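Visitor: Provided herewith is a single structure, encoded as structure tokens, for subsequent inquiry.
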Amino acid sequence: MKTNQSSSLLKLIILALMVTISLVLFFLNFPLPFLPAYLKIDFSDIPALMASLVFSPMAGVVVVGIKNALYLLISGAGDPIGVAANFLAGVMFVVPVSMLYHRFKGVKSVVSGLVTGTVIMAVGMSVLNYLFILPAYSWFMGWDMSAQAMWIAVIAGVLPFNMIKGIVIGLLFVPLFIKMRVWIEQKQEKFAA
Amino acid sequence: MNNALIIGQYVPGNSLVHRLDPRTKITIIFFFVIVVFVANNVPSYGIVTAFALGAMFTSRVPIRYILKGLTPVWFLIIFTFILHLFVTKEGTLFFDFFIFEFYTGGVIQGFAISLRFFLLILVTSLLTLTTTPIEITDAIEEMLDPLKKVRFPVHELALMMSISLRFIPTLMQETEKISKAQSSRGVDFRTGPIKERIKAVVPLLVPLFVSAFKRAEELAMAMEARGYQGGEGRSKLRALKVEKRDILIYLLFAAVVAGLFITRSYG
């Protein structure tokens, strides 16, 4: 009866440390040379992907969520809308990868998951930006953004940015997964038992 | 940068603002952010500005720290001001040169919105300047306590947040150590085509993940050995207590809000 409690505590701590790695990687972000500076690429979704493969899609969502909450505390809460956007993007990216992986297993499922995740994130963030995030910013700052201006911002900024972000993370995650596959499967067995 | 990640922007001090209960600070800031949007004329903007600047001066945080916190948004503030200067065509024309036509309405509008934005950033960054992330985590745990009734794992969430904050310096060091070890073997993170650079990160992440799992096992065992059994009936090292000063600040803030609504309607 005690083993049950112990493994759930261990799971909590593992997720907490994934958040830490996520934050460390978050602060190593770099802007892309040809896109606006506020769109930054970072590898902070990698630990969330890892958690979601070892445990469940929900674990990945928890890691992304707490990472953003702590980022807000550390950075001084200057940009709550950006943080919320990052959370939503992370969820849309991580969940498809994890769901496909847990359904089919293997490298192929991860690759197809990353592709699906990238598309869902890019399209989803474009829609959310057009409907909610950009209007929220323009309300916040008192700008009058025309529908056309927002359309341009989405097509020229948000859509390609999220595509590139997904591809870059995928380029890193696939070799990482191939190297760590055995280890990940071991951990899965350990926590499933 | 290392330091910024470890303690956030926290500037140690012993001022009234530092000593306030973090729950008080979070509550007041939450409502301040809403109430700033109520201001619509000179006296009401005066009241919110006076409150924010008053909080800033009583915190005795050196101005340069506050300005440093504002650096990422300076550009936005100035941009908003200039945008309004050009776009808003209300009031009287006071400056006309070639294609530049500036109206008084634009200046006022731009100034008001920039001021509002500045106040929002100032007050929220005061929270992180005078409160450590751990204190904020404790406060969040207390404030979310009612959610336990709907089985939301409040204690677990707070536990994860504090563990995660606690391990930032440790894992930061470890990342540095691993990347130095890889560099000494000739791995190059800085030059070369972007694809190669991305691939160079893989050998950095593998040991990071493996050691994080090991560390987690050790910590879980250590906690269990000391009798950790979840949040039920657990006492705290730093218990939060509402003091007289917290109540006074609440009253002051209530007065500010009342004043704001009065000046808004009669101003």
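Visitor: Filter region B:205-261 for residues that are of a type in the set (Gly, Ala, Ser) and in contact (Cβ under 8 Å) with a residue 24 or more places away in the chain and give the result.
Guide: First pass over region B:205-261, keeping only residues of a type in the set (Gly, Ala, Ser): B:211-212, B:216, B:220, B:222, B:225, B:227, B:230-231, B:233, B:235, B:239, B:254-255, B:258-259.
Correct list: B:SER211, B:ALA212, B:GLY230, B:GLY231, B:GLY259.
Visitor: (1) buried (at least 18 other Cβ atoms within 10 Å of the Cβ); (2) more than 10 Å from chain A (Cβ to nearest Cβ): which one isn't true of B:ILE178, the others all being true?
Guide: (1)
Every residue, every condition in (1) open to solvent by 20 Å² or more (accessible area, probe 1.4 Å); (2) at the interface with chain A (Cβ under 9 Å from one of its Cβ atoms), yes or no:
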residue	(1), (2)
B:LEU85	yes, no
B:LYS89	yes, no
B:THR92	yes, no
B:PHE95	yes, no
B:TYR103	yes, no
B:ALA112	yes, yes
B:SER125	no, yes
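Yes or no, residue by residue, for (1) modelled with pLDDT under 85; (2) of a type in the set (A, V, I, L, M); (3) in contact with a strand residue (DSSP E or B) (Cβ under 6 Å, 6 or more places away or on another chain); (4) open to solvent by less than 20 Å² (accessible area, probe 1.4 Å):
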position: B:ASN3; (1), (2), (3), (4): yes, no, no, no
position: B:THR27; (1), (2), (3), (4): no, no, no, no
position: B:ILE63; (1), (2), (3), (4): no, yes, no, no
position: B:LEU70; (1), (2), (3), (4): yes, yes, no, yes
position: B:PHE75; (1), (2), (3), (4): yes, no, no, no
position: B:LEU115; (1), (2), (3), (4): no, yes, no, no
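Visitor: Is it true that some residue in region A:104-119 is crowded, with 17+ Cβ neighbours inside 10 Å, at positive phi and not in a helix (DSSP H, G or I)?
Guide: Checked against the condition, which is being crowded, with 17+ Cβ neighbours inside 10 Å, at positive phi and not in a helix (DSSP H, G or I), region A:104-119 yields no hits at all.
Every residue, every condition in (1) away from chain A (no Cβ under 14 Å); (2) more than 26 Å from B:GLN173 (Cβ to Cβ); (3) assigned to a helix (DSSP H, G or I); (4) open to solvent by 90 Å² or more (accessible area, probe 1.4 Å), yes or no:
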| residue | (1), (2), (3), (4) |
| --- | --- |
| B:PHE189 | no, no, no, no |
| B:LEU204 | no, no, yes, no |
| B:ALA212 | no, no, yes, no |
| B:ARG215 | no, no, yes, no |
| B:GLU232 | no, yes, no, yes |
| B:LEU240 | yes, yes, no, no |
| B:ARG245 | yes, yes, yes, no |
| B:PHE253 | yes, yes, yes, no |
| B:GLY259 | yes, yes, yes, no |
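Visitor: Further question on the same structure: Exactly one of (1) surrounded by fewer than 16 Cβ atoms within 10 Å (Cβ to Cβ); (2) touching a Phe, Trp or Tyr at 6+ places or on another chain (Cβ under 9 Å) is unmet by B:ARG226. Its number?
Guide: All conditions pass for B:ARG226, except number (2).
Visitor: Then there's this: Does A:VAL63 meet the test of being buried (at least 17 other Cβ atoms within 10 Å of the Cβ), touching a residue at least 60 places away in the same chain (Cβ under 8 Å) and in a helix (DSSP H, G or I)? Let's see the steps before the verdict.
Guide: Working: buried (at least 17 other Cβ atoms within 10 Å of the Cβ): yes; touching a residue at least 60 places away in the same chain (Cβ under 8 Å): no; in a helix (DSSP H, G or I): yes.
Considered against the rule, which asks whether it is buried (at least 17 other Cβ atoms within 10 Å of the Cβ), touching a residue at least 60 places away in the same chain (Cβ under 8 Å) and in a helix (DSSP H, G or I), A:VAL63 comes out as no.
Visitor: In this structure, does A:PHE93 turn out to be aromatic (Phe, Trp, Tyr), touching a residue at least 60 places away in the same chain (Cβ under 8 Å) and part of a helix (DSSP H, G or I)? Walk me through how you get there before you give the answer.
Guide: Numbers: aromatic (Phe, Trp, Tyr): yes; touching a residue at least 60 places away in the same chain (Cβ under 8 Å): yes; part of a helix (DSSP H, G or I): yes.
Taking the combined requirement at face value, the residue satisfies it.
Visitor: Would you check if there is a residue in region A:169-183 being open to solvent by 20 Å² or more (accessible area, probe 1.4 Å), within 21 Å of A:ALA84 (Cβ to Cβ) and in a helix (DSSP H, G or I)?
Guide: First, the residues of region A:169-183 that are open to solvent by 20 Å² or more (accessible area, probe 1.4 Å): A:171, A:174-175, A:178-179, A:181-183.
The next check asks that each one be within 21 Å of A:ALA84 (Cβ to Cβ); those that pass are none.
Looking through region A:169-183, none of the residues is open to solvent by 20 Å² or more (accessible area, probe 1.4 Å), within 21 Å of A:ALA84 (Cβ to Cβ) and in a helix (DSSP H, G or I).
Visitor: Show the residue pairs meeting these rules: Cβ distance below 6 Å; 6+ apart or different chains; first residue within region B:37-49 and in a loop (DSSP other than H, G, I, E, B); second residue of a type in the set (Gly, Ala, Ser).
Guide: Qualifying pairs under 6 Å: B:ASN41/B:GLY267.
Visitor: Okay, moving on. Suppose we keep only residues that are of a type in the set (Val, Ile, Thr) and facing chain A (nearest Cβ under 10 Å) within region B:146-169. Which one would you say is nearest to B:PHE209 (Cα to Cα)? Quick ask: steps written out before the conclusion?
Guide: So the first thing to find is which residues in region B:146-169 are of a type in the set (Val, Ile, Thr), and the list is B:150, B:154, B:163, B:168.
From what's left, facing chain A (nearest Cβ under 10 Å): B:163, B:168.
On the way: B:ILE163: 16, B:ILE168: 14 Å.
Among those that are of a type in the set (Val, Ile, Thr) and facing chain A (nearest Cβ under 10 Å), it is B:ILE168.
Visitor: State whether the residues of region B:80-99 include one that is among the small types (Gly, Ala, Ser) and assigned to a loop (DSSP other than H, G, I, E, B). Don't jump to the end; show me each part of the working.
Guide: Just the residues of region B:80-99 that are among the small types (Gly, Ala, Ser), to begin with: B:91.
Within this subset, residues satisfying the condition of being assigned to a loop (DSSP other than H, G, I, E, B) are B:91.
Yes.
Visitor: Let me ask something else about it. So, in region B:191-202, exactly how many residues are open to solvent by less than 50 Å² (accessible area, probe 1.4 Å), more than 8 Å from chain A (Cβ to nearest Cβ) and free of Cβ contacts under 8 Å to residues at least 12 places away in the same chain? I'd like the intermediate steps shown before the answer.
Guide: Of region B:191-202, the ones open to solvent by less than 50 Å² (accessible area, probe 1.4 Å) are B:192, B:198, B:200-202.
Checking the rest, the ones that are also more than 8 Å from chain A (Cβ to nearest Cβ) come to B:192, B:200.
Imposing the further condition that a residue be free of Cβ contacts under 8 Å to residues at least 12 places away in the same chain reduces the set to B:192.
Here the count works out to 1.
Visitor: So which residues in region B:131-144 are more than 11 Å from chain A (Cβ to nearest Cβ) and open to solvent by less than 70 Å² (accessible area, probe 1.4 Å)?
Guide: B:ASP138, B:GLU141, B:LEU144, listed by residue number.
Visitor: Let me ask another. Quick one: is B:VAL87 under 30 Å from B:TYR250 (Cβ atoms) and among the hydrophobic types (A, V, I, L, M, F, W, C)?
Guide: On the way: under 30 Å from B:TYR250 (Cβ atoms): no; among the hydrophobic types (A, V, I, L, M, F, W, C): yes.
Against the criterion (under 30 Å from B:TYR250 (Cβ atoms) and among the hydrophobic types (A, V, I, L, M, F, W, C)), B:VAL87 does not qualify.
The values are calculated or read from the model by the stated rules, or taken from the named source; none is laboratory data. Just so it is clear, the model here is predicted, and its values are computed rather than measured. Every residue, glycine as well, gets a Cβ built from its backbone with ideal geometry; the counts of neighbours run over all protein chains shown. Heavy atoms of the whole protein, side chains included, go into the accessibility calculation; ligands, DNA and RNA do not. Shrake-Rupley method; radii C 1.70, N 1.55, O 1.52, S 1.80 Å.
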